[in-house]
1. For segment 65-143 and segment 24-61, write down the distance between their C-alpha centroids in whole Å.
2. Let me know the charge dipole size of segment 93-145 about its Cα centre in debye, to the nearest 20, where only the beta-carbon of Lys, Arg (+1) and Asp, Glu (-1) is charged.
3. When the dipole is taken about the Cα centre of segment 12-87, and only Lys, Arg (+1) and Asp, Glu (-1) are charged at their Cβ, what size is it in debye, to the nearest 20?
4. Would you mind getting the Kirkwood hydrodynamic radius of segment 6-64 from its Cα pairs, rounded to one decimal in Å?
5. Sort 105-113, 123-131, 60-68 for me by packing, meaning the mean count of neighbouring Cβ atoms within 10 Å per residue, highest on top.
6. I want to verify the translational diffusion coefficient of segment 40-130 in µm²/s; compute it with Stokes-Einstein, Rh as the Kirkwood radius over Cα pairs, at 25 °C and 0.890 mPa s.
7. So for 78, 134, fewest C-beta neighbours within 10 Å to most, what's the order?
8. Of 86/122; 117/142; 30/142; 86/117; 44/142, which ones are farther than 26 Å apart at the Cα?
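Bear in mind these aren't lab numbers, they're just calculated from the coordinates by the rules spelled out. Given the structure is predicted, the values throughout are model-derived calculations rather than measurements. Ideal geometry is used to build each Cβ from the backbone, glycine not excepted, and the neighbour counts take in all protein chains shown.
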Amino acid sequence: MSEFAVEVRDLVKRFGDFVAVDNVSFQVGKGEIFGFLGPNGAGKSTTIRILCGLLTPTSGSAFVNGLDVATDAERVRTNIGYMSQKFSLYDDLEVEENIDFFSGIYGVPRHLREERKQYVLKMAGLEDRRHAMTRVLAGGWKQRLALGCAILHQPPILFLDEPTSGVDPIAPREPEGSYRRPGNTGRGGFWQRPSRHGERSSAGDGANPKRS
Ligand SMILES: Nc1ncnc2c1ncn2[C@@H]1O[C@H](COP(=O)(O)OP(=O)(O)O)[C@@H](O)[C@H]1O
Ligand SMILES: [Mg+2]
């Protein structure tokens with residue numbers, strides 16, 4: 001077993017002649033929350049999609065829980081939760097139906113589904129809106145629901161792409177906070193957002209603004 005949750009070495013991704021990820025290297029320790037900061041277009045989402053096994057690297061290597069994403073993408077996907085920048089929720093399903101759907105997709109054992117669903121509804125603060133159509137939820141609520149759906153299978157590693165972008169300003173810490181709650185102890189997280197004024201901007205510079 002690798003000592004790192006995520007290890008990226010000299011990673012390059014080109015789309016035609018365009019270099020989207022330019023020689024990026026970093027490591028994330030197990031249990032660590034890693035902030036991946038950089039301006040729009042820096043290649044953060046592309047790097048995350050490679051780490052989720054959704055895109056193949058042009059060169060370099062990336063390991064998630066010791067698994068090579070280029071050759072073991074199937075197993076990588078059982079080790080991760082992924083909340084994409086544009087949530088993958090279905091707008092025309094009820095809140096509860098989205099949770100049920102993702103429970104099925106992630107292969108949550110049937111006898112655990114009800115308990116996990118209740119946990120997610122509570123974590124997201126959506127217990128009273130379980131029958132609301134997802135499309136009517138404001139951005140921040142959708143984001144909480146998307147986070148909940150990404151952790152239904154209790155993955156050891158979680159990738160959050162801009163988890164704070166749609167959340168109301170008074171609760172910017174919530175996605176990370178949720179993941180810190182009891183029951184999630186010891187799991188790794190990986191989240192990214194564009195850098196804000198005054199922050200260093202680089203990929204994998206060890207910036208851990210929310211490390212506590
Ligand atoms: N599938 C693609 N084809 C061509 N260019 C892409 C593709 N995906 C991303 N890009 C480009 O790669 C660069 C990095 O994008 P992205 O990883 O989304 O950046 P970030 O998440 O840091 O804002 C951007 O210029 C974007 O337009
Ligand atoms: Mg992005």
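1. 22 Å
2. Values: 10 positive and 8 negative charges, 33 e Å.
Here segment 93-145 has a charge dipole of around 160 debye.
3. Values: 8 positive and 6 negative charges, 41 e Å.
I would put it at about 200 debye.
4. Working: mean 1/r = 0.0856 Å⁻¹.
Its Kirkwood hydrodynamic radius stands at 11.7 Å.
5. Working: 105-113: 12.6, 123-131: 16.0, 60-68: 19.7.
Ranking the peptides 105-113, 123-131, 60-68 by packing returns 60-68, 123-131, 105-113.
6. Details: Rh = 15.1 Å.
Rounded, D is 162 µm²/s.
7. On the way: 78 13, 134 22.
By the 10 Å Cβ count, ascending: 78, 134.
8. Values: 86/122 23 Å; 117/142 15 Å; 30/142 28 Å; 86/117 22 Å; 44/142 22 Å.
Cα-Cα > 26 Å for 30/142; rest within.
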